[in-house]
Amino acid sequence: MKEDDRAVQERVLLKLSGEVLAGEAGHGIDPDITGELAGAVLDLAAAGCSVGIVTGGGNFIRGRDLRSIDRITGDQMGMLATLINGLAFRDAIRKRGGRAAVLSSIPVEGIFETFSPEKAEEYLNRGYVVIYAGGTGNPCLTTDTAAALRAVQTGCSRLLKGTKVDGVYDSDPAQNLEAERFKTLTYDEGLKLDLKVMDAAAIAICRDEGLPISVFDIRDPKNILRVFKEPSIGSLIGGMNCE
């Protein structure tokens, strides 16, 4: 594909939890799992997608769980954890022959370039996988909200949200064996039912901008490409026939 053609590719934003990078250990970074995810992202790019990524930081620290530290400081610590994950994922993509850049919402001179929509556009048009680190750069907002915001700022057509289950259920499938999966639901249903798949601010941003959200099982990294091609393997919030 010519570099000039990349500007007209479909763009997607992939949201990964920090925990998925940790694998079964539940903490830190599992190089094998991270490598598999990086390979799956490159498969998605090879299928004609321009890909942005936002990761959480829960594999190192979750600010809201630090009860001895005030909320603002805890969230700042969590944002720094996403910077570590950004570097790790960039390394994994490069080791598999891809090109990746990390743009941080928090200025860290000498390590990261600072995020701007224009800088992201430049890299995406050149065929890079762009990793957005540091959350939104503000406390009290989750990396889900950062993912929705970056997706809108960079003109994505869909937000892919990887989880530990194969979609959105009407109750916790780990607690209720009869829980039913939604194939589609509206943004307002996602907000009203409070199903904990994404925070309300993230869903509201997507609703206001008409950005569909595909929720799918990330435990098999190959599902990243599968859900892009066939959203029905997960749950689709918003989008065709479910506005």
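Things to note:
- Total residues in region 219-233 satisfying the condition of being modelled with pLDDT of 95 or more and touching a Ser or Thr at 6+ places or on another chain (Cβ under 7 Å): the figure is 1.
- Here ASP91 fulfils each of the conditions (1) in a helix (DSSP H, G or I); (2) touching a residue at least 40 places away in the same chain (Cβ under 8 Å) apart from (2).
- One residue stands out among those in region 186-243 that are part of a helix (DSSP H, G or I) and among the hydroxyl-bearing types (Ser, Thr, Tyr): the one that is surrounded by the most Cβ atoms within 10 Å (Cβ to Cβ), which is TYR187.
- Applying a threshold of 8 Å to beta carbon distances and a minimum spacing of six or more residues, or different chains, the list of pairs starting in region 16-31 at a residue that is on the phi > 0 side of the Ramachandran plot and ending at one that is buried (at least 18 other Cβ atoms within 10 Å of the Cβ) and of a type in the set (A, V, I, L, M, F, W, C) reads GLY23/ILE33; GLY28/ALA22; GLY28/PHE60.
- Residues of region 6-49 classified as more than 14 Å from LYS161 (Cα to Cα), of a type in the set (Val, Ile, Thr) and modelled with pLDDT of 95 or more, total: 3
- Any hit, region 57-69, residues being at pLDDT 95 or above, of a type in the set (Asp, Glu) and over 25 Å from SER157 (Cα atoms): no
- LEU211 being at pLDDT 95 or above, touching a helix residue (DSSP H, G or I) at 6+ places or on another chain (Cβ under 7 Å) and closer than 24 Å to LEU83 by Cα: no
- Summed over region 65-82, the residues that are touching a residue at least 12 places away in the same chain (Cβ under 8 Å) and either closer than 23 Å to GLY23 by Cβ or within 14 Å of the chain's Cα centre (by Cα) (or both) give a count of 6.
- Scanning region 138-197 for residues that are under 19 Å from ARG219 (Cα atoms), in contact with a helix residue (DSSP H, G or I) (Cβ under 8 Å, 6 or more places away or on another chain) and of a type in the set (A, V, I, L, M) yields LEU159, LEU160, VAL168, VAL197.
- Among all residues of region 221-239, there is none that is aromatic (Phe, Trp, Tyr) and farther than 24 Å from GLU121 by Cβ.
Table: residues versus (1) out of contact with any Lys or Arg (no Cβ under 8 Å at 6 or more places or on another chain); (2) of a type in the set (Asp, Glu); (3) surrounded by 17 or more Cβ atoms within 10 Å (Cβ to Cβ); (4) at positive phi.
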residue	(1), (2), (3), (4)
ILE69	yes, no, no, no
ASP75	no, yes, yes, no
SER104	yes, no, yes, no
GLU109	yes, yes, no, no
TYR123	yes, no, yes, no
ARG126	no, no, no, no
ALA133	yes, no, yes, no
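- Residue match in region 148-159 (condition: without any contact (Cβ under 8 Å) to a residue 60 or more places away in the chain, of a type outside the set (A, V, I, L, M) and either in contact with a strand residue (DSSP E or B) (Cβ under 9 Å, 6 or more places away or on another chain) or more than 21 Å from GLU19 (Cβ to Cβ) (or both)): yes
The values are calculated or read from the model by the stated rules, or taken from the named source; none is laboratory data. Quantities reported herein were computed from a predicted structural model and do not represent experimental measurements. FYI the Cβ positions are ideal-geometry reconstructions off the backbone, even for glycines, and counts take in every protein chain you see.
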